[in-house]
Amino acid sequence: MKTILWATLTANGNYARNASPEHPPKQEAFSDFLDQVKAAGNFIVGRRTFESFQAGGESPFGDVDIVVISKSVKDIPGIKVVASPQAALAYLQEKGHTTALLSGGADLHNAFLQQGLVDEILFPIAPVLEGKGYNILLNQDHYQYKDIQLLDFKSLGGGVVRLHYAIGRE
Ligand SMILES: NC(=O)c1ccc[n+]([C@@H]2O[C@H](COP(=O)([O-])OP(=O)(O)OC[C@H]3O[C@@H](n4cnc5c(N)ncnc54)[C@H](OP(=O)(O)O)[C@@H]3O)[C@@H](O)[C@H]2O)c1
C-alpha cells in the first residue's frame, strides 16, 4: 500500500491552519486535494479535521472510502472509524485500495510520519504567511534529519505551487 501525505503549507513553512471562515483553504489547493481524493478513491483523516469537513455542509467528496482516526469516537454513521494509522491502512488494503491518501490534520500526519508509514508527500505551498502555528514533523521529541527526493513540482494557479516528494522507508 502506497501512502501519500497531502498537506498545504504556508510560504514560511507552517502546516496551513485554514481554520477560520475568513481564511479558508486556497481554492487551487482544495481543487488539487479533490483531484487526489478522486485518484486514490479514499482518504484518511484525523477526527478534528473530519469534524471541520462536516461543518462545511454537503460533502464534496463523492463516493470514496473515508477513514476517520480517533481514540475518543467509536462510531460515525456511514463512516469507517479506526483507532490507529495501521488499522486505517489495513482497512483500505482489505477493500482493495493500492494507494491511501492522508488528508490531515497535523496530528494525523505526524503520527504517520513518526511511524515511518509515508511513501510520498504532496505539499501545495500557499502564498500566505502565518505566525506560530502547526508543523509537519518527523517526530515530536528530538532533532532528526532525512533526505527526500523531489519527484516534480507544478503551478496550480493562484500563486500555489505544489511540490511532490518521495520518502524512502527504512
Ligand atoms: N494545511 C492543510 O492541508 C490542512 C488539511 C486539513 C486540516 N488542516 C488543519 O489542521 C487543523 C486540525 O489538525 P489537528 O492536528 O488539530 O487535528 P487532526 O489531526 O485532524 O485530528 C486529531 C485527532 O485525530 C485523532 N488522531 C490523530 N492521530 C491519531 C493516532 N495516531 N491514533 C489515534 N487517533 C489519532 C485523535 O482523535 P481523538 O481526540 O478523537 O482521539 C486526535 O485528537 C485544523 O486547523 C485544520 O484546518 C490543514
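The values are calculated or read from the model by the stated rules, or taken from the named source; none is laboratory data. Model, not experiment: these values are computed from the prediction. Cβ coordinates were reconstructed from backbone atoms using ideal geometry, including for glycine residues, and neighbour counts include every protein chain displayed. Side chains included, ligands, DNA and RNA excluded: accessible areas come from the protein's heavy atoms. Shrake-Rupley method; radii C 1.70, N 1.55, O 1.52, S 1.80 Å.
Structural remarks
- Accessible area per residue in Å² at 1.4 Å probe, computed on the chain: 56
- Lys38-Gln140 pseudo-label distance in nm [points 7 Å out on the Cα-to-Cβ vector]: 3.6
- Normalised contact order of the chain, rounded percent, pairs of Cα under 8 Å and 6 or more residues apart: 33
- Spread over its residues, the convex hull of the C-alpha atoms of the chain is 128 Å³ per residue.
- Charge tally in the Cβ shell below 12 Å around Leu150, where Lys, Arg are +1 and Asp, Glu are -1, Leu150 excluded: -1
- Taking the Cα centre of the stretch 1-104 as origin and assigning +1 to Lys and Arg Cβ atoms and -1 to Asp and Glu Cβ atoms, the resulting dipole is close to 380 debye.
- In the chain, helical runs assigned H by DSSP with n ≥ 4 each contribute -39500 (n - 2.57); averaged across all residues and rounded to the nearest 500, the mean residue ellipticity at 222 nm is -7500 deg cm²/dmol.
- Difference of contour (0.36 nm per residue) and Cα-Cα distance, Gln114 to Ile79: 10.1 nm
- Shape analysis of the stretch 1-94 places it in the prolate category; the axes a ≥ b ≥ c from the Cα gyration tensor give an a/c of at least 1.5, with a/b above b/c.
- Alpha-carbon centroid distance for the pair the stretch 19-89 / the stretch 96-113, whole angstrom: 10
- Antiparallel bridge percentage (DSSP; both residues within the stretch 22-157; nearest 5): 10
- Normalised by 2.2 N^0.38 Å, with N the number of residues, the alpha-carbon radius of gyration of the stretch 70-145 equals 1.28.
- Packing around the peptides 50-58, 114-122, taken as the average count of other Cβ atoms within 10 Å per residue, puts them in this order, highest first: 114-122, 50-58.
- Surrounding net charge for Gln54, when Lys and Arg each add one and Asp and Glu each subtract one, Cβ distance under 14 Å: 0
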